[in-house]
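*Asks:* Below is the structure I would like to discuss, written out as structure tokens.
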Amino acid sequence: MAKSSPTLFWVSPNSYDYKTDFVKISNNCSIFLKPCSRTNLLSSISTSSFALTQISASLSKSQTSTRGTVNNNNGEISYFCEVGNLKNAMEMLCGSEKSELELRTYCSVLELCAQRKSLRDGKRVHSVICDNGVEVDGYLGEKLVFMYVNCGDLREARRVFDKIYTCRVFLWNLMINEYAKIRNFRESVSLFKKMLELGIQANSHTLSCVLKCLAALGNVKEGERVHVYLYKLGFGSYNTVLNSLVAFYFKSGRVESAQKVFDELTDRDVISWNSMISGYVSNGLGEKGVEIFVQMVSLGVDVDLASIVNVLVACADIGTCLLGRAVHAYAIKACFDGEITSRNTLLDMYSKCGDLHASVRVFEKMGERSVVSWTSMIAGYAREGLSNDAIRLFYEMERNGVSPDIFTITSILHACACSGSLENGKEVHNYIRENDMESNLFVCNALMDMYSKCGSMEDAHLVFSRMTAKDIISWNTMIGGYSKNRLPNEALKLFSEMQHKSKPDSITVACILPACASLAALDKGREIHGHVIRNGYFLDRHVANALVDMYVKCGLLALAQVLFDRIPTKDLISWTVMIAGYGMHGFGHEAIAAFDEMRRTGIEPDEVSFISVLYACSHSGLLDEGWRFFNIMRNEYNIEPTLEHYACMVDLLSRTGNLSKAYRFIRTLPIEPDATIWGALLCGCRIYHNVKLAERVAEHVFELEPDNTGYYVLLANIYAEAEKWEEVRKLREKIGQRGLKKNPGCSWIEIKGKFNIFVARDDSHPLAKKIESLLKRLRAKMEEEGFHPNMKYALINADDMEKEVALCGHSEKNSNIEGYD
């Protein structure tokens, strides 16, 4: 039997630059002592042990060295590696001849390079190895791969790895894991397959890593194969492997499979339970996650910080503040409440459960606050609609020296968007510029959302145009912003541009359809409807509701009704859109029937749905029904009427000729009436030619909105219809003195996807002369068939010829032939 190698005991070496003597104690044991003289002693080991090379280091004050024979080089380099002196080890290695160096010397230096993460020195060693013609294989190759991986050069590590053959599973695991770290999961899986092809058996670390990679790729079939493979290898009782398998199934959405694996676990550890809790939470099953936690506690399993954090996230998701408080108490007893991770999750839980005061208390008691703490509180304030408090906290965070991260910035931008605080939003934008965060996709999307919700689409477009990379959210934010800010043409233009660069999704469709509706762009709407059918987007209720609304506003009420009936599960918005559609087209009874049907299905109406049904009653002159719904809203649903509800009732009274009642109703309102309410009564005065009341009402309107030209024009029309031309003249003079200008009437028509816009008294259209000629021919033909204009609608003090011309041309009216009997 061969004798074992000698054991070396080191006695407090203070540095590498002194001579060392050693005294031989036995054949297999030598002890190194600090030298007391400058003599060189060499002790040999028994022949059965490996030969120790002579180590002699003598450094003078000028740091010159005197070495022994060339055979001592390997020993000295090894010694320098042992004491961690990479500089001297590299100098000796590079200064030695090829014949002087042993294989283990190269390995020692490479290992030190890996430890120090010195890629530059590691590459120099590799260069020396190549220059000396040393074959890179086996143990040396493995050390090279390890060095490159540890020093962060995965590309060179892979190049060396591919040239060597190793059956050591450790090295395969190292490479698989490194690719997983940089999220190149496909390459990790590819290496795993190659490893199996070479007959190298995986271990628990291999399987755990590969399962994580397959989970990230969403490759369920391959994961199931690994599941079978690990049982064949006998890893069916290994917690680390099965915990990874549970996590894999949860990330793949296979909840039942994850539960089955967990149920088969005989020796569950805390990680197993935590994987189950977090897995259920991540799949939107917070209740089940809480159930698992309760079961875990009842079985006496030791709960750790991860357990507390996971169950608090579950409480936040399902909004169970009571249970969250109980977990909070448990965390205090278990001494986990002092952990910053636990406190961050706690304040987020309280915030999401609607208990902002508790969240604030947790925040104020925190000795150490991370950026996550501040961000959670900012998001909590924004969630509760307290945008000013969120903005105040953002500035306080800066004063405390905590630098906001991407999540903080997006949260504060959301707060600015919700409050419509453009000024604060621009200040945040300045901070983004100063800190070079404009290139971040999430920040840019949040910026565009803030600007669009604050009504500044020019700023939103500026951010959009400067983005180097845009995702689907970027396009949807801009298209939706244009639609909401009543810029439908811009929305359609951008939608057309998007189709060349990115595929629209269901959200895009829901954003662009309102633009089609506002323009009555039926052809474009139908085209988008086809896209909806081809991609199965109609199952998305947002899309279905937007599609019904588009057809309603484009005049195809029957088709809107057909689509409405096909919506599998109608929500409040679905019903409200249809009720409003009936009202818009004058089908008041149908609107009421739909409203009653909605209530029968168990959907409770809100403020908006009551506005829709009251609007329908108003446009159909259903006075009694209107009052009935107004009383139901207040008495049965305890909804306090807003200005919009009162405006509907005034409009209803005015349209049905109850002008005096409408006036008295306004005077008794519990809130101050706005110009819209008085304007509704003014419109009624025109319908029923009540000049005297119109003058009284106009005083209130002009006081509230002195610069709104529309109301001046409305009163002038009332005077003109009563042929009070002197009052018309005075009113026009007043308009001129105030410098007011009315925006001219505008209409458009869509032909072959192109919109042709016509503005009153504008002859800039390229076909203006042909259009005028066509109108003259139509007027002549109408008169031949007995249709003559009703001159009272001309609303000007002129002869019949001028009135007729005014009526025939493009005017402020919805139809060019409205003045004809």
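*Asks:* Among the residues of the range 305-345, what is the count of those that are among the acidic types (D, E) and within 15 Å of R361 (Cβ to Cβ)?
*Replies:* Qualifying residue count for the region: 1.
*Asks:* For the condition closer than 21 Å to G583 by Cβ and basic (K, R), what is the one hit in R634, R729, R664?
*Replies:* R634
*Asks:* Inside the range 286-340, counting only helices (runs of 4 or more DSSP H) that do not spill past its ends, which hold 3 or more residues that are closer than 21 Å to G380 by Cβ and free of Cβ contacts under 8 Å to residues at least 24 places away in the same chain?
*Replies:* Qualifying helices (runs of 4 or more DSSP H): 321-333.
*Asks:* Related question: Any idea how many residues of the range 614-669 are surrounded by 14 or more Cβ atoms within 10 Å (Cβ to Cβ), charged (D, E, K, R) and under 24 Å from V701 (Cβ atoms)?
*Replies:* Within the range 614-669, residues that are surrounded by 14 or more Cβ atoms within 10 Å (Cβ to Cβ), charged (D, E, K, R) and under 24 Å from V701 (Cβ atoms) number 4.
*Asks:* On to the next question. Quick check on the range 430-466: of everything there that is over 22 Å from K484 (Cα atoms) and crowded, with 17+ Cβ neighbours inside 10 Å, which residue is modelled with the lowest pLDDT?
*Replies:* Going through the qualifying residues, I end up with M437.
*Asks:* Right, next: Residue under question is R599, and the condition is that it be assigned to a helix (DSSP H, G or I) and surrounded by fewer than 14 Cβ atoms within 10 Å (Cβ to Cβ); does it hold?
*Replies:* For R599, the condition - assigned to a helix (DSSP H, G or I) and surrounded by fewer than 14 Cβ atoms within 10 Å (Cβ to Cβ) - is not met.
*Asks:* Working only within the range 278-302, note down all residues that are over 24 Å from the mean Cα position of the chain (by Cα) and surrounded by 21 or more Cβ atoms within 10 Å (Cβ to Cβ).
*Replies:* Correct list: G289, V290, I292, F293, M296.
*Asks:* If the Cβ limit is 6 Å and pairs must be 6+ apart or interchain, which residue in the range 124-139 that is touching a residue at least 24 places away in the same chain (Cβ under 8 Å) pairs with which residue that is in a helix (DSSP H, G or I) and of a type outside the set (S, T, Y)?
*Replies:* Correct list of pairs: V125/V109; V125/L110; N132/K98.
*Asks:* Now for a different question. Scan the range 162-178 residue by residue and report those that are surrounded by 17 or more Cβ atoms within 10 Å (Cβ to Cβ) and in a helix (DSSP H, G or I).
*Replies:* Matches in the range 162-178: L171, W172, N173, L174, M175, I176, N177, E178.
*Asks:* Next up: I'd like to know if the range 314-337 contains one or more residues that are surrounded by fewer than 19 Cβ atoms within 10 Å (Cβ to Cβ), under 19 Å from V246 (Cβ atoms) and among the aliphatic types (A, V, I, L, M).
*Replies:* no
*Asks:* Go through E91, E111 for me and flag whichever is surrounded by fewer than 21 Cβ atoms within 10 Å (Cβ to Cβ) and either in contact with a helix residue (DSSP H, G or I) (Cβ under 7 Å, 6 or more places away or on another chain) or touching a residue at least 12 places away in the same chain (Cβ under 8 Å) (or both).
*Replies:* Answer to the check: E111.
*Asks:* Another one. V128: outside any helix (DSSP H, G or I) and not charged (D, E, K, R), yes or no?
*Replies:* no
*Asks:* Also, quick follow-up: Among S99, S108, which is the only one that is modelled with pLDDT under 80 and in a helix (DSSP H, G or I)?
*Replies:* That would be S99, the only listed residue that is modelled with pLDDT under 80 and in a helix (DSSP H, G or I).
*Asks:* List pairs: first residue in the range 460-483 and under 17 Å from I512 (Cα atoms) and in contact (Cβ under 8 Å) with a residue 12 or more places away in the chain, second residue of a type in the set (K, R) and in a helix (DSSP H, G or I) anywhere in the structure, Cβ distance under 8 angstrom, at least six positions apart or on different chains.
*Replies:* G481/K453
*Asks:* Scan the range 392-416 residue by residue and report those that are of a type in the set (A, V, I, L, M), more than 15 Å from the chain's Cα centre (by Cα) and over 18 Å from R433 (Cα atoms).
*Replies:* Across the range 392-416, the qualifying residues are L393, M397.
*Asks:* When residues of the range 73-96 are filtered for being in a helix (DSSP H, G or I) and closer than 15 Å to C113 by Cα, how many remain?
*Replies:* Within the range 73-96, residues that are in a helix (DSSP H, G or I) and closer than 15 Å to C113 by Cα number 15.
*Asks:* Looking at L154, L198, L171, L191, can you tell me which residue is over 39 Å from the mean Cα position of the chain (by Cα) and farther than 30 Å from Q259 by Cβ?
*Replies:* Of L154, L198, L171, L191, the one residue that is over 39 Å from the mean Cα position of the chain (by Cα) and farther than 30 Å from Q259 by Cβ is L198.
*Asks:* Then there is this: Would you call E178 of a type in the set (D, E, K, R) and touching a Lys or Arg at 6+ places or on another chain (Cβ under 8 Å)?
*Replies:* For E178, the condition - of a type in the set (D, E, K, R) and touching a Lys or Arg at 6+ places or on another chain (Cβ under 8 Å) - is not met.
*Asks:* Does M175 count as in contact with a Cys (Cβ under 7 Å, 6 or more places away or on another chain) and under 30 Å from L196 (Cα atoms)?
*Replies:* No.
*Asks:* Go through (1) charged (D, E, K, R); (2) surrounded by 14 or more Cβ atoms within 10 Å (Cβ to Cβ); (3) not in a helix (DSSP H, G or I) for K143 and report which single condition fails.
*Replies:* It is condition (3) that K143 fails.
The values are calculated or read from the model by the stated rules, or taken from the named source; none is laboratory data. Since the structure is predicted, the reported quantities are computational estimates derived from the model, not experimental observations. As a convention, Cβ positions derive from the backbone with ideal geometry for all residues, glycine included, and neighbour counts pool all protein chains shown.
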